[in-house]
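The values are calculated or read from the model by the stated rules, or taken from the named source; none is laboratory data. Keep in mind that what you see is a predicted model, and the values were worked out from it rather than measured. In this analysis, Cβ positions are derived from the backbone assuming ideal geometry, glycine residues included, and neighbour counts consider all displayed protein chains.
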């Protein structure tokens, strides 16, 4: 029984160490993924560089790295880092208006929060003051 418990603990520790190592490597790749996203936005990713970027994207997807933060998402302080707040009549709850830098998650672990501009609904008080 003691040996079985020992094996379970060792296996659990190995899995945890493996997950931490993968997360650490993925975290180091995030600036590169940011550069690739910017190049794609400006349509500067062509030829061989596009193939390398696509392959890198596929590799990080295999390790379950998932982007966090999209325009229209409800603001979640556990996933989003608000860098600016604006008021907007287009939203009924605080929501992501602009993504300044993508965030990433692996499983239930947040690797990096998304940096966002948050749109808050215009309150009745503000509307009354304007009238």
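Numbers for the structure displayed
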{"item": "Residue 14 farther than 22 Å from residue 115 by Cα and either surrounded by 10 or more Cβ atoms within 10 Å (Cβ to Cβ) or in contact (Cβ under 8 Å) with a residue 40 or more places away in the chain (or both)", "result": "yes"}
{"item": "Out of 52, 96, sole residue that is free of Cβ contacts under 8 Å to residues at least 40 places away in the same chain, over 30 Å from residue 15 (Cβ atoms) and in the same structural domain as residue 15 (by TED's automatic domain parsing)", "result": "52"}
{"item": "Given (1) farther than 15 Å from residue 110 by Cα; (2) more than 14 Å from the chain's Cα centre (by Cα); (3) in contact (Cβ under 8 Å) with a residue 60 or more places away in the chain, number of the condition residue 22 does not satisfy", "result": "(1)"}
{"item": "Unmet criterion (only one of (1) touching a strand residue (DSSP E or B) at 6+ places or on another chain (Cβ under 6 Å); (2) over 30 Å from residue 16 (Cβ atoms)) for residue 54", "result": "(1)"}
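Results for (1) within 24 Å of residue 57 (Cβ to Cβ); (2) under 15 Å from the mean Cα position of the chain (by Cα), shown as yes or no for each residue.
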{"position": "70", "(1), (2)": "yes, yes"}
{"position": "73", "(1), (2)": "yes, yes"}
{"position": "77", "(1), (2)": "no, yes"}
{"position": "81", "(1), (2)": "yes, yes"}
{"position": "89", "(1), (2)": "no, no"}
{"position": "94", "(1), (2)": "no, no"}
{"position": "111", "(1), (2)": "yes, yes"}
